[in-house]
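J.: Below are the structure tokens for one structure; questions will follow.
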Amino acid sequence: MAVQPVILTTSKRPSEQVTALVSALSDAAGLAEPIIFDDHLDAGAATATRDALRAASAADEHVLFLEDDVVMDRDAPARIAATSFPAEVAVISFCDMREVAEFAPSGLYRRSALGSDNRGWWGNQALLIHRDTVAMCARADWFGPEVESSLGVRVHKLTYGDDGRNCSDIRLALLIHLHGGDRRDYAVHVPSLFNHVGHDSACFPGRSMGERATRNWIGDRRRFGIDAVLDAAAANP
């Protein structure tokens, strides 16, 4: 089965950044031609994410959902195309900022969709989403009472004062937790194959990278030989 990439972008983001991402994806084996979904109405990340997934759902394939503030490692397309979903896993993240500790051994780490704080995972930068989950998200109510009354959305609204229009990650996590059926788990791929470079947040102006920095970025691990060190340590406990 092919994977359908969809890139969520906005006029606030430099066009060359999106062009580079599209170019890197376009000729990759196992990946379909990327769909670019532009939030030109500035509807907010939650609505735009919902609509981007609806656009991608027509392909009836697994979807590689990307926000436009990432750079992709050269090995990412081949690794993603070769990835299989474990039973009960709805989403695999290839850009983790919170769920797995830095310097973790390579592997796939399963987590609740509600993440480490039980409110929802953090960041939709690079997600491989199962085709059944994409179909569910395309028809689900992202702003229904169950979602609006959740702790994660309520805390977000109080913290950021945006009426919840930008908490796309929390809303997606909640939909999977509530309506994912047999697929309600979240998984994190280590190493991260995409690096979050959105130093200037389109959703939250003035928010620094800090806590939003990618953990276990493959570029850093390759540069410093981290995986070789981890493998040696595992072989000689």
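The values are calculated or read from the model by the stated rules, or taken from the named source; none is laboratory data. Every value quoted in this text rests on a predicted model; they were computed, and no experiment measured them. Don't worry about glycine lacking a Cβ; one is built from the backbone with ideal geometry, like all the others, and counts go over all protein chains shown. These accessible areas exclude ligands, DNA and RNA; they are computed on the full protein's heavy atoms, side chains included. Shrake-Rupley method; radii C 1.70, N 1.55, O 1.52, S 1.80 Å.
J.: Can you tell me which residue is most open to solvent (accessible area, probe 1.4 Å) among those in the range 175-201 that are farther than 26 Å from residue 12 by Cβ, aliphatic (A, V, I, L, M) and out of contact with any Leu (no Cβ under 8 Å at 6 or more places or on another chain)?
T.: The initial filter retains those residues of the range 175-201 that are farther than 26 Å from residue 12 by Cβ, namely 176-191.
Right, trim to aliphatic (A, V, I, L, M) and you get 176, 178, 187-188, 190.
After this cut, where a residue has to be out of contact with any Leu (no Cβ under 8 Å at 6 or more places or on another chain) as well, the list is 176, 178.
Working: 176: 1, 178: 69 Å².
So, considering only residues that are farther than 26 Å from residue 12 by Cβ, aliphatic (A, V, I, L, M) and out of contact with any Leu (no Cβ under 8 Å at 6 or more places or on another chain), the one most open to solvent (accessible area, probe 1.4 Å) is 178.
J.: Still on this model: When residues of the range 29-57 are filtered for being open to solvent by less than 20 Å² (accessible area, probe 1.4 Å) and either touching a His at 6+ places or on another chain (Cβ under 9 Å) or among the small types (Gly, Ala, Ser) (or both), how many remain?
T.: 6
J.: Among 153, 134, which is the only one that is in a helix (DSSP H, G or I), buried (at least 18 other Cβ atoms within 10 Å of the Cβ) and over 14 Å from the mean Cα position of the chain (by Cα)?
T.: Working: 134 fails: over 14 Å from the mean Cα position of the chain (by Cα).
It is 153.
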